[in-house]
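Written out below as structure tokens is the structure these notes cover.
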Amino acid sequence: MFEPLYQISPPLLTTIKQITLLIHELNKRVFPDVVLAQFQAEAEAISTYASTSIEGNPLPLTEVKRLLKNHPEQARQSEREILNYNRALVQLIQQWTEPLTQTMLLHIHQQVMDGLLPAHQVGRIRLEPVIIHDPRTRQVVYLPPDHADVSSLVDALLTFVQANRTVMDPVVLAGLFHKQLVVIHPFIDGNGRTTRLATKFLLAGLGINTFNLFSFESYYNQNVSRYFQQVGVVGNYYELADSLDFTLWLEYFAEGILDELWRVEKQLASHQATPETILQPYHRAILAHINAHGFITDKTYATLTDRAKATRTLDFNKLMEMGLITRQGQGRTTYYRRGSAAD
């Protein structure tokens, strides 16, 4: 059984109170649908960029946005890391209300590491020992648990999460999960990216109406060294497990959540909903299909709505004017993707 050692310290309690108040204020506001759609696309790009950058991906944010717009069929490793992470993130957004199970965790890893690891190591708990080295000195800094113990440790952690999901503050629960999964190190590679995606899933329990605009990974990427110092441990797992105190990590983790909520509040502060900027269900259907499939044609849109062809054209034009989609091809080969022609 996972029984974490931690305290709700005064700094942690203060931060949690600030988070609660800020969420309450954000949830009272109404924002234009078009603004939310634009900011969600931006948040997805930032999350993808930040989480992969933490792991050493060299691509800048501008290149990440280009990749997410074009989805090239042929991709280098650095590009595949971006595309994989974003695909996993977008799919996870559709599953916020489901429980976090080992099956879901393995599926996240499979998406994140598709084509980046041998097939027998993708979406599977490691069957090999691993050693964590300091990337600068190459000295051994951490010995994770033996591979024979990993599956049961993951099960114990997920059992703890499910038992406390409705009774524990979401920030504390997500923070405990985040560090413990890093400590377990259940996969050969891709542990950090998988952990941050699963943590984001748990943070949906914060109940933020604008949660899709939330990119908590960006806070870690601002100071990667500090993140690794806080989330990592030094030594042998079996010598550390019973005395590992999560308190300082939780303080840092909660600071990151609050920092990101402040960013979202500032970003949304100047926008108010108007009839011109509110998206209708048929507009959302276009965007949802593009999010799921990468593009949409008028022929496909006609199967999603009973609107006449001329009206469907107006729908596409409105979304293009808003900068949410761009038109590609000509005549019968015309299709629409996310983004604007100016991107």
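Values in this text are rule-based calculations from the coordinates and carry no lab data. Values in this document were obtained by computation on a predicted structure and should not be read as measured data. FYI the Cβ positions are ideal-geometry reconstructions off the backbone, even for glycines, and counts take in every protein chain you see.
What does the C-alpha gyration tensor say about the overall shape of the stretch 281-338? Classify as rounded when a/c is under 1.5, otherwise prolate if a/b is larger than b/c, or oblate.
Values: a/c = 1.17, a/b = 1.06, b/c = 1.10.
Judged from the Cα gyration tensor, the stretch 281-338 comes out rounded (a/c under 1.5).
How do the peptides 139-149, 236-246 rank, highest first, by the average count of neighbouring beta carbon atoms within 10 Å per residue? Intermediate results must be reported in sequence, preceding the final value.
Values: 139-149: 15.1, 236-246: 13.0.
The densest-packed peptide leads the list: 139-149, 236-246.
In what sequence do HIS293, HIS185 fall when counting other Cβ within 10 Å, fewest first? Can you show the working numbers first?
Details: HIS293 9, HIS185 24.
Sorted ascending by nearby Cβ count, the order is HIS293, HIS185.
Helix 77-93 versus the longest principal axis of the chain: what is the Cα-based angle in degrees, 0 to 90, to the nearest 10?
Result, in degrees: 80.
Counting only helical runs of four or more DSSP H residues, what would the 222 nm mean residue ellipticity of the chain come to if each run contributes -39,500 (n - 2.57) and the total is spread over all its residues?
-18500 deg cm²/dmol
Give the angle, between 0 and 90 degrees and rounded to the nearest 10, that separates the Cα long axis of helix 281-293 from the longest principal axis of the Cα atoms of the chain.
In the chain, helix 281-293 runs at an angle near 50 degrees to the longest axis.
With the cut-off at 1.5 for a/c, could you classify the stretch 10-268 from its C-alpha gyration tensor as rounded, prolate or oblate? Write down the numbers at each step before the final one.
Details: a/c = 1.61, a/b = 1.17, b/c = 1.38.
Oblate is the answer for the stretch 10-268, as a/c is 1.5 or above yet b/c matches or exceeds a/b.
I'd like the distance separating the alpha-carbon centroids of the stretch 4-61 and the stretch 77-122, in whole Å.
Comparing the Cα centres of the stretch 4-61 and the stretch 77-122, I get a distance of 20 Å.
Rounded if a/c is under 1.5, else prolate if a/b is larger than b/c, else oblate: which is the stretch 136-226, with a ≥ b ≥ c the root eigenvalues of its Cα gyration tensor? Don't skip to the answer; put the middle values down first.
Details: a/c = 2.53, a/b = 1.26, b/c = 2.00.
The shape class here is oblate.
Mean-square fluctuation check for the chain, GNM, Cα pairs under 10 Å: which of VAL30, VAL112, VAL122 is largest?
Most flexible of the set in this elastic network: VAL30.
Which order, highest average first, do 156-164, 42-50, 200-208, 305-313 follow once you tally other Cβ atoms within 10 Å for each residue and take the mean per peptide?
Most protected by this proxy first, the peptides run 42-50, 200-208, 156-164, 305-313.
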